[in-house]
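These notes are about the structure you will find just below.
The values are calculated or read from the model by the stated rules, or taken from the named source; none is laboratory data. Remember, it's a predicted structure, so these values are computed and weren't measured experimentally. Heads up, the Cβs are rebuilt from the backbone with ideal geometry, glycines too, and the neighbour counts pull from every protein chain shown.
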């Protein structure tokens, strides 16, 4: 399924090169291959967000291979150097150091985990090398002043929070319960949610904070039920989300639930699907948006596995946005030129987001998608499907 798995445990300098048949002049091809654009990959191939990384990266890799086959960036191929970050800040910093010192990369594609991303942001600022990521969600990654060195092609906890609260209010709920991971992915959401409750006229009545690798969350579910919420908003990693869903079943609590589709899609493979029947979830894609199904088909051909979820789409979008940045930089060997090129991207079309969603980076906004770009769905018979409208 994964053409890159054999490279994950070692430092890899993977030159994705194309044959001379794609170029008009064989000597020029050799010159281009000898002068590639060095792009680092620091991805979650192990650790708490490995399921995301292992599904997202093939789409990025596939896009790079296609770009190289079409001539690369101004005739120069992209060379990937790939390392695992394990979702761990220490390992992330170590991997980034290797990518800079040994592989001489001028830009880095980072993965998913917010804890590692915070370390990646600090490293990027200290080393003046831009890092582009998909969706580590911590609001601590937002840079409101000056030009950033760390960018996200998806959304933040603030945007997720606004989406959750907008939907809860729309569904007529007043009292909110919250179930979160104790990692930054969850604790940040709690902080942001408390700031926005008054804006939506809602009350937070209880919080269940769940440690990573929890095997039984019955006590946490029972305590949360005692606060009598109308609805529970969930933000946890797939394995622990499955454990909490089992706990809800164990205590016989059939409370309305709101979550992210990307998490629930993976969780549906870890627990009986009926545990999530009727959950309301948001996606960052519209199934009927042009290009979505075609990309899923292409991903299936490449990986030999069908994944109809956010992951392949956001990996693909991040690659396409990076290609545009490298093109606009005019000097893809210069990290500062690459950083400045992020702010030259204007209305770049994306597969993710609602119809009409585009990529624009601005000073004070180093991320792209917002709550208005979410698409709301429900879980029915083990699948995430659009909410039926009258």
Kindly indicate the residue of segment 273-292 that is at pLDDT 95 or above and in a loop (DSSP other than H, G, I, E, B) and also farthest from residue 165 (Cα to Cα) among those meeting that condition.
277
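Check segment 212-227 and report whether any residue there is under 22 Å from residue 135 (Cα atoms) and either in the same structural domain as residue 273 (by TED's automatic domain parsing) or buried (at least 18 other Cβ atoms within 10 Å of the Cβ) (or both).
Keep residues of segment 212-227 that are under 22 Å from residue 135 (Cα atoms), which gives 212-213.
In the following step, the residues that additionally are either in the same structural domain as residue 273 (by TED's automatic domain parsing) or buried (at least 18 other Cβ atoms within 10 Å of the Cβ) (or both) were identified as 212-213.
There is at least one residue in segment 212-227 that is under 22 Å from residue 135 (Cα atoms) and either in the same structural domain as residue 273 (by TED's automatic domain parsing) or buried (at least 18 other Cβ atoms within 10 Å of the Cβ) (or both).
When the residues of segment 89-115 are filtered to those that are within 16 Å of the chain's Cα centre (by Cα) and either at pLDDT 95 or above or not assigned by TED's automatic domain parsing to the domain that holds residue 138 (or both), which remaining residue is nearest to residue 329 (Cα to Cα)?
Of segment 89-115, the ones within 16 Å of the chain's Cα centre (by Cα) are 108-115.
Still in the running and either at pLDDT 95 or above or not assigned by TED's automatic domain parsing to the domain that holds residue 138 (or both): 108-110.
Numbers: 108: 15, 109: 16, 110: 20 Å.
Restricting to residues being within 16 Å of the chain's Cα centre (by Cα) and either at pLDDT 95 or above or not assigned by TED's automatic domain parsing to the domain that holds residue 138 (or both), the top hit is 108.
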Name, by its number, the condition in (1) part of a helix (DSSP H, G or I); (2) over 17 Å from residue 323 (Cα atoms); (3) in contact with a strand residue (DSSP E or B) (Cβ under 6 Å, 6 or more places away or on another chain) that does not hold for residue 64.
(2)
Selection from segment 334-347 of residues under 20 Å from residue 123 (Cα atoms) and either surrounded by 15 or more Cβ atoms within 10 Å (Cβ to Cβ) or under 23 Å from the mean Cα position of the chain (by Cα) (or both) yields 335, 336, 337, 338, 339, 340, 341, 342
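I need the full set of residues from segment 230-251 which are touching a residue at least 40 places away in the same chain (Cβ under 8 Å), assigned to a loop (DSSP other than H, G, I, E, B) and surrounded by fewer than 23 Cβ atoms within 10 Å (Cβ to Cβ), in order please. Before you say what the answer is, go through the steps one by one.
Taking segment 230-251 as the starting set, the residues that turn out to be touching a residue at least 40 places away in the same chain (Cβ under 8 Å) are 230-240, 244.
The next check asks that each one be assigned to a loop (DSSP other than H, G, I, E, B); those that pass are 230, 236-237.
Hit for segment 230-251 is 230, nothing else.
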Which residues, taken from segment 352-369, are in contact with a helix residue (DSSP H, G or I) (Cβ under 6 Å, 6 or more places away or on another chain), over 21 Å from residue 264 (Cβ atoms) and either in a strand (DSSP E or B) or not assigned by TED's automatic domain parsing to the domain that holds residue 339 (or both)?
359
Quickly run through segment 293-319 and pick out the residues that are in a helix (DSSP H, G or I) and surrounded by fewer than 18 Cβ atoms within 10 Å (Cβ to Cβ).
293, 294, 297, 298, 300, 301
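Can you name the residue in segment 333-348 that is without any contact (Cβ under 8 Å) to a residue 40 or more places away in the chain and touching a strand residue (DSSP E or B) at 6+ places or on another chain (Cβ under 6 Å) and, of all such residues, is nearest to residue 290 (Cα to Cα)? Steps first, answer last, please.
The initial filter retains those residues of segment 333-348 that are without any contact (Cβ under 8 Å) to a residue 40 or more places away in the chain, namely 337, 341, 344-348.
In the following step, the residues that additionally are touching a strand residue (DSSP E or B) at 6+ places or on another chain (Cβ under 6 Å) were identified as 345, 347-348.
Details: 345: 21, 347: 17, 348: 15 Å.
Applying the filter and picking the extreme gives 348.
When you check residue 206 against the structure, is it touching a residue at least 12 places away in the same chain (Cβ under 8 Å), surrounded by fewer than 17 Cβ atoms within 10 Å (Cβ to Cβ) and more than 22 Å from residue 52 (Cα to Cα), yes or no? It would help to see each step written out before you state the result.
Values: touching a residue at least 12 places away in the same chain (Cβ under 8 Å): yes; surrounded by fewer than 17 Cβ atoms within 10 Å (Cβ to Cβ): no; more than 22 Å from residue 52 (Cα to Cα): yes.
Here the answer is no, as residue 206 does not meet what is asked.
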Are there any pairs, at least 6 apart or on different chains, whose C-beta atoms fall under 6 Å, with the first in segment 265-278 and closer than 17 Å to residue 385 by Cβ and the second modelled with pLDDT of 95 or more and surrounded by fewer than 18 Cβ atoms within 10 Å (Cβ to Cβ), and if so, which?
275/249
